[in-house]
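S.K.: Structure below; questions to follow.
The values are calculated or read from the model by the stated rules, or taken from the named source; none is laboratory data. Values in this document were obtained by computation on a predicted structure and should not be read as measured data. Neighbour counts are summed over all protein chains in view; Cβ atoms, including those assigned to glycine, are modelled from backbone coordinates with ideal geometry.
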Ligand SMILES: [Zn+2]
């Protein structure tokens, strides 16, 4: 079971075991399959903006329909730590985190090696989705997300479920300029004797430090550079973006 594949309306979508068990929470991690974009964006590109805009729009529509969402919302991701609460039709603008308490609004994070980090508190009716690249990771985005949900919606860290979508694994996350790029505290996640880092372990550690129960954190076990099911910027350079989506189910769903 764990992180497992489903075919929904012609799309091959992954789901996390823990999140699929949460009442009222809809989520998915897309693969490259099932879209209309042409190479090198083939085929379900959700954010590589050099692609044909009509193809991008068609892909996003397919995804929203497959998940039964009234709308799909995404931000211009800038590798920062700004998080936006999407209520009453608010537009996200530039942000790397999206949160909502409104049913039917799909929060989309687009990645090709960075992690998407889903946070869900079904009892409070709140979900969030964060873009955690290595910059966001080093800047403390996981903890910022937990703090945001506490402040804005009164969600205690212990109530949260977290899931980390596929990103660069410790097998491939090489940083030849790590001395300039990564902070001192990040060296605990260095793979010994290499210039590779375990970014997923860093995200998990930051969530635990923020008060999320380790047993409530699920990881995908997939590396985007190793697995051709996903877009990978480091592997392919000019390529698309796959998506991680979370939403609260519409009433009556
Ligand atoms: Zn790898």
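S.K.: Which one of the conditions (1) within 27 Å of residue 137 (Cβ to Cβ); (2) at pLDDT 95 or above does residue 50 fail to meet, given that it meets all the rest?
M.R.: (2)
S.K.: Scanning region 206-224 for residues that are outside any loop (DSSP other than H, G, I, E, B) and surrounded by 16 or more Cβ atoms within 10 Å (Cβ to Cβ), which turns out nearest to the ligand (Cβ to nearest atom)?
M.R.: At the first step, the residues of region 206-224 found to be outside any loop (DSSP other than H, G, I, E, B) are 206-209, 214-219, 223.
Then drop every residue that is not surrounded by 16 or more Cβ atoms within 10 Å (Cβ to Cβ), which leaves 206-208, 216-219, 223.
Values: 206: 21, 207: 22, 208: 24, 216: 26, 217: 20, 218: 19, 219: 14, 223: 3 Å.
Here the answer is 223.
S.K.: Just one of the numbered conditions (1) in contact with a strand residue (DSSP E or B) (Cβ under 9 Å, 6 or more places away or on another chain); (2) buried (at least 16 other Cβ atoms within 10 Å of the Cβ); (3) closer than 22 Å to residue 104 by Cβ is not true of residue 56; which one?
M.R.: (1)
S.K.: Where residues in region 82-95 are part of a loop (DSSP other than H, G, I, E, B) and at pLDDT 95 or above, which of them is surrounded by the fewest Cβ atoms within 10 Å (Cβ to Cβ)?
M.R.: Keep residues of region 82-95 that are part of a loop (DSSP other than H, G, I, E, B), which gives 82, 86-93, 95.
Adding the requirement that they be at pLDDT 95 or above leaves 82, 95.
Numbers: 82: 15, 95: 21.
The residue in question is 82.
S.K.: Also, I was wondering about something else. Which pairs turn up if I take residues in region 217-234 that are in contact (Cβ under 8 Å) with a residue 12 or more places away in the chain and under 29 Å from residue 21 (Cβ atoms) and look for partners that are within 12 Å of the ligand (Cβ to nearest atom) and assigned to a strand (DSSP E or B) with beta carbon separation below 7 Å, at least 6 apart in sequence or on another chain?
M.R.: 224/167
S.K.: Inside region 111-151, can you point out the residues that are in a helix (DSSP H, G or I), crowded, with 24+ Cβ neighbours inside 10 Å and without any contact (Cβ under 8 Å) to a residue 60 or more places away in the chain?
M.R.: 136, 149
S.K.: For residues in region 167-191 being away from the ligand (no atom under 16 Å from the Cβ) and in contact (Cβ under 8 Å) with a residue 24 or more places away in the chain, which is surrounded by the fewest Cβ atoms within 10 Å (Cβ to Cβ)?
M.R.: Per the stated criteria, the residue is 183.
S.K.: Among the candidates 45, 59, which residue alone is in a loop (DSSP other than H, G, I, E, B) and touching a residue at least 12 places away in the same chain (Cβ under 8 Å)? Full working, then the answer.
M.R.: Details: 59 fails: in a loop (DSSP other than H, G, I, E, B).
Selected residue: 45, the only one of 45, 59 that is in a loop (DSSP other than H, G, I, E, B) and touching a residue at least 12 places away in the same chain (Cβ under 8 Å).
S.K.: Moving on to the next point. Could we say that residue 3 is farther than 28 Å from residue 88 by Cα, within 16 Å of the chain's Cα centre (by Cα) and buried (at least 16 other Cβ atoms within 10 Å of the Cβ) here? Full working, then the answer.
M.R.: On the way: farther than 28 Å from residue 88 by Cα: yes; within 16 Å of the chain's Cα centre (by Cα): yes; buried (at least 16 other Cβ atoms within 10 Å of the Cβ): yes.
So residue 3 fits the description; yes.
S.K.: Give region 7-29 a look and list any residue that's closer than 26 Å to residue 123 by Cα and in contact with a helix residue (DSSP H, G or I) (Cβ under 9 Å, 6 or more places away or on another chain), or say none. Give the steps one after another, and end with the answer.
M.R.: Of region 7-29, the ones closer than 26 Å to residue 123 by Cα are 13-29.
Listed by number, the residues that qualify are 13, 18, 22, 23, 24, 25, 26, 27, 28.
S.K.: Limited to region 1-35, what total is found for residues that are touching a strand residue (DSSP E or B) at 6+ places or on another chain (Cβ under 9 Å), over 18 Å from residue 227 (Cβ atoms), touching a residue at least 12 places away in the same chain (Cβ under 8 Å) and not in a strand (DSSP E or B)?
M.R.: The number of residues fulfilling the criteria is 5.
S.K.: One residue is enough: does region 156-164 have a residue meeting the conditions closer than 29 Å to residue 43 by Cβ and away from the ligand (no atom under 16 Å from the Cβ)?
M.R.: So in region 156-164, the residues closer than 29 Å to residue 43 by Cβ come out as 163-164.
After this cut, where a residue has to be away from the ligand (no atom under 16 Å from the Cβ) as well, the list is 163.
Yes; the residues of region 156-164 include at least one that is closer than 29 Å to residue 43 by Cβ and away from the ligand (no atom under 16 Å from the Cβ).
S.K.: For the condition within 16 Å of the ligand (Cβ to nearest atom), part of a loop (DSSP other than H, G, I, E, B) and farther than 25 Å from residue 6 by Cβ, what is the one hit in 239, 194?
M.R.: Numbers: 239 fails: farther than 25 Å from residue 6 by Cβ.
Of 239, 194, the one residue that is within 16 Å of the ligand (Cβ to nearest atom), part of a loop (DSSP other than H, G, I, E, B) and farther than 25 Å from residue 6 by Cβ is 194.
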